[in-house]
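K.L.:
Would you mind keeping the following structure in view while I ask a few things?
The values are calculated or read from the model by the stated rules, or taken from the named source; none is laboratory data. If you're wondering where the values come from, they're calculated on a predicted model, not measured in any experiment. With ideal geometry, Cβ positions are generated from the backbone for all residues, glycine too; neighbour counts draw on all protein chains shown.
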Amino acid sequence: MLNAVKHSVHRMTGQLQLISGYLEMEDYAKALGKTKQTIKEMHALATTLTGLASVAMTVPQDGAVVVPHGSTVVSYEDVNVDVDRDEVRAVDKNEVLAGHGNDNPRTK
């Protein structure tokens, strides 16, 4: 599912570049046609992302979370934003409370 979303975004990026090219060449009919096609794909992407956003991600009792290299993993108690104790969420570095997260090594 996530790969399909990434491919859709990549296709739309290419289409937007193509639209820009048509506008540079003052070919407004082709730009309009490609814009309509892109809008349809954006609506489909929005529907897919709405479905993904409504799925709550939780970690099994004895499970684990895989994070990118260089990330810091902290507790829900170590951030200054509202995060439920059973919620998994990415936060910005400035949302981690001062002095917290430093004891947790960055991922390798």
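K.L.:
On the basis of being surrounded by 13 or more Cβ atoms within 10 Å (Cβ to Cβ), touching a helix residue (DSSP H, G or I) at 6+ places or on another chain (Cβ under 8 Å) and either at pLDDT below 75 or more than 29 Å from Gln15 (Cα to Cα) (or both), does Val74 make the cut?
P.N.:
No, not satisfied.
Residues checked against (1) of a type in the set (Ser, Thr, Tyr); (2) surrounded by 12 or more Cβ atoms within 10 Å (Cβ to Cβ); (3) over 24 Å from Met12 (Cβ atoms); (4) at pLDDT 75 or above:
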position: His43; (1), (2), (3), (4): no, no, no, yes
position: Ala64; (1), (2), (3), (4): no, no, yes, no
position: Ala90; (1), (2), (3), (4): no, no, no, yes
position: Asn94; (1), (2), (3), (4): no, no, yes, yes
position: Gly99; (1), (2), (3), (4): no, no, yes, no
position: Thr107; (1), (2), (3), (4): yes, yes, yes, no
